[in-house]
Structure formats: C-alpha cells, structure tokens
Amino acid sequence: MTHPLRPSRVYAICQIAGWGAYGLMGVTIARAFGYGSGPMTTTTLLGSVVGLVVTHLWRGVIRGRGLLGQPFSRLLPKLFAGVVVTGIVAWLLVWATGLYVTGAYTLKSSTSGILLATSFNWIVTSLLWTAIYVGAQWFKRGRDSEIQRLRLEVLARDAQLSALHAQIQPHFLFNAMNVLRALISEDPERARDLVTELSDLMRYALRAGLQERVLLQEELDVIESYLRIEQARFEDRLTWRIEADAAVRQTQLPPMLLQMLVENAVKHGVALSEFGGEVAVSACRDGDGVRLIVTNPGRVSVNGGTRIGLANARGRLQLIYGGRATLTLAERDGQVVAEVVLPAGDAP
C-alpha cells in the first residue's frame, strides 16, 4: 500500500527540482549566447543554490508570520515587499559570488544596465516563486477545507442517525405510547401536549443533520420537549431544570450536541438510579466564550454506552472549532458532570 508524501517532503522535492531546472536552464541559455565559460557556469549553478536558500527563508517568513491567514488587502502589500526584498537579496548574493568567488563578473563589466537587468530578473523570479507557492498553499487550504466540510457532514449525519435511533428505538416509542395511552383518559390535554412534544422532537432530529450549527435557544426548546416526555414516564423519579442566561441563548453550537448529553443523563443516570434524580442544564458566559453544563446522578462508567456519542461530539467540535472547544465528562460528589466550552467566536 502506498502512502502519500508528507507536505514537507513534497515541498523539498519541488524546491530541489525547480531550482535545479532553473540552474540548468540558465547554463543552457548562457552557452547558447556564448557566455558558457567555466566561471559563468559555476556562478549560474551557485545562483540556483542561492535561490533555493533565499526562497526557503522567505517561505519561513510567510509561515512564521501567518501571512496567508491575513485579509487579502493586508496580504498583498506584504507579499510585494517580500518579493522585492527576496529578489534583491538573491541578486546581491549571486553578484557577489560572481565578483569575488568565481570571477565571472568584474567591476568594469558590471555596468548599471547589467546590474539593473539582473536585479529585475531576480525580482521577477522571486515573484514567480511566490505566486506558485502561495497559489499551491491556497489550493491546499481549499482542498483541506472541503475535506473538513465533508467529514463534518458525515459526523453530522452519524449524529442524526444516532439521535433518530435513540428516539425511534422500540423502547422509547413503547414507553411514550404507554404514557400517552394512560393519559388519554386521565388527562387528555396533557396527552395532546405530549404528542406535540414528540412531534417537535422528531422534526428537530430530522432537520438537524442538514445544518452545521443551530442556536442554543433551539436546542434548549427541543431538550424541554424531550424532558417533558421522559418526566411523564418517570414521574417523580425525574426532575429537571434549565438555567440559561439570556445573553447566551443566541450562541451557535452543533445540532444535537447538548441534547445528546441530556439523553445520556436520563438514560445512564436517572433511569439506572433507584430513586431517580435531577437533570440540570445550565448555560453561561465563560470569559468571551460560553460554558454548557449537564449534571445528573450516577457514576462515569468506563464501559458505558456514552463513549461513541461523546467521541462523535468531540469529533464535530474539533472539525468546527479546531481545538478551541472542549467537551469533558467527570464525576463530582456523586454527580456526573458533562461540560462543553465553546470559543468566543460563536458567542453573541
């Protein structure tokens, strides 16, 4: 099985091959015009080495200062200045090599016209190198962005299917229908409300896979629907509360993320507890970002069924926020605490 080359190796191969071809082309042209003497050939080949080193240093500046991540209006003047400096530095080094090392140039032969022409040649060469490098990097970024989008879409679809499976599974529907059947004669109005809650829950699950992010307010609304259905089933064994600051309700987050944590809290916490317990959901500011917390009674199980859902959620957070968001699961004083921290970019 063949493995793709690392970007650094591809860059090294292109540098060596490109500047090697540049040197050979220079020697060929010089000989064609009768300037193919030994010192001139040596100077031309050394010029390729100079070009390789100088452009590599210029690449380090581009990467080190994060130029490609800047707006185009700020990037263009910096690239132009870098091209001119790189070209002039390379030209000075080659001219000095030919003058003091190989003897290909003399002070008498270095007229202002020749100096101007050779410096212009190196600036144009630097410009072409920069255009090729920047173009390749932009192409790679666009390709990586598309790959990331496709991966995120796959994870979102997986989350949607997992959520649908959790909601459409026979146990969930069987329990919900039993509750509705009992309420139809005892409390018809509440039965109608639960049918609406179930409908809203299913509709949200179907729609979630088509969106990359939703408002926190939308997620909280569907969580309330889910908890009302489960509360009708568990009765006094389940209590719940949702506390979300008004300032963060317009925060964007991946769909089904918080709902998945609440479902885990009920399924692996309240349902397994002899006396039930409370599921608490809170959302508040965390510096410039937002902190979401779901707590429930119970313990964190190493072999619990929540691991796949958590891995999926962490994968989506990584793809969307690139490590700026976190999801942790911990046990504190007999409570399981799931905590999500979203970065400042999505906070209103």
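For region 116-139, indicate whether the set of residues that are modelled with pLDDT of 75 or more, open to solvent by less than 80 Å² (accessible area, probe 1.4 Å) and within 20 Å of the chain's Cα centre (by Cα) is non-empty.
yes
Taking the options 258, 206, 201, name whichever one is of a type outside the set (S, T, N, Q) and either in contact with a Cys (Cβ under 9 Å, 6 or more places away or on another chain) or at pLDDT 90 or above (or both).
Result: 258 is the single residue among 258, 206, 201 that is of a type outside the set (S, T, N, Q) and either in contact with a Cys (Cβ under 9 Å, 6 or more places away or on another chain) or at pLDDT 90 or above (or both).
Looking at region 133-155, I want the residues that are over 23 Å from residue 211 (Cα atoms) and have a partner that is assigned to a helix (DSSP H, G or I) and open to solvent by less than 80 Å² (accessible area, probe 1.4 Å) with Cβ atoms under 6 Å, at least 6 apart or on another chain. Which pairs are those?
Once the first residue is over 23 Å from residue 211 (Cα atoms) and sits in region 133-155, its partners that are assigned to a helix (DSSP H, G or I) and open to solvent by less than 80 Å² (accessible area, probe 1.4 Å) give 137/68.
Residue 104 passes all but one of (1) of a type in the set (A, V, I, L, M, F, W, C); (2) under 18 Å from residue 51 (Cβ atoms); (3) at pLDDT 80 or above; which number fails?
The number of the failed condition is (3).
Give region 47-89 a look and list any residue that's in contact with a Ser or Thr (Cβ under 8 Å, 6 or more places away or on another chain), more than 18 Å from residue 134 (Cβ to Cβ) and open to solvent by less than 60 Å² (accessible area, probe 1.4 Å), or say none.
47, 50
Does any residue of region 143-151 turn out to be of a type in the set (Gly, Ala, Ser), open to solvent by less than 80 Å² (accessible area, probe 1.4 Å), under 21 Å from residue 316 (Cβ atoms) and modelled with pLDDT of 75 or more?
yes
Between a first residue in region 173-201 that is closer than 21 Å to residue 220 by Cα and in a helix (DSSP H, G or I) and a second residue that is among the β-branched types (Val, Ile, Thr) and open to solvent by less than 50 Å² (accessible area, probe 1.4 Å), which pairs have beta carbons less than 8 Å apart while being 6 or more apart in sequence or on different chains?
Pairs that qualify, where the first residue is closer than 21 Å to residue 220 by Cα and in a helix (DSSP H, G or I) and the partner is among the β-branched types (Val, Ile, Thr) and open to solvent by less than 50 Å² (accessible area, probe 1.4 Å), are 176/229; 194/179; 194/229; 197/229; 198/229; 200/222; 201/222; 201/229.
Sort out which residues of region 18-46 are over 18 Å from residue 96 (Cα atoms), at pLDDT below 85, of a type in the set (Gly, Ala, Ser) and part of a helix (DSSP H, G or I), and write them in order of number.
Scanning region 18-46 gives 30, 32.
Of the residues in region 247-260, how many are outside any loop (DSSP other than H, G, I, E, B), open to solvent by 10 Å² or more (accessible area, probe 1.4 Å) and in contact with a strand residue (DSSP E or B) (Cβ under 7 Å, 6 or more places away or on another chain)?
So the answer is 2.
Kindly indicate which of 41, 106 is over 19 Å from residue 127 (Cβ atoms) and open to solvent by less than 60 Å² (accessible area, probe 1.4 Å).
Going through 41, 106 in turn, the sole match is 41.
Would you point out the residue of region 209-243, among those that are of a type in the set (A, V, I, L, M), at pLDDT 90 or above and outside any helix (DSSP H, G or I), that is least open to solvent (accessible area, probe 1.4 Å)?
238
So, in region 269-325, of the ones that are touching a Gly at 6+ places or on another chain (Cβ under 8 Å), in a strand (DSSP E or B) and not polar (S, T, N, Q), which residue ends up modelled with the highest pLDDT?
279
The values are calculated or read from the model by the stated rules, or taken from the named source; none is laboratory data. Quantities reported herein were computed from a predicted structural model and do not represent experimental measurements. Because the Cβ atoms are built from the backbone with ideal geometry, glycine has one as well, and the counts that use them run over all protein chains shown. Heads up: the accessible areas ignore ligands, DNA and RNA and are worked out on the full protein's heavy atoms, side chains in. Shrake-Rupley method; radii C 1.70, N 1.55, O 1.52, S 1.80 Å.
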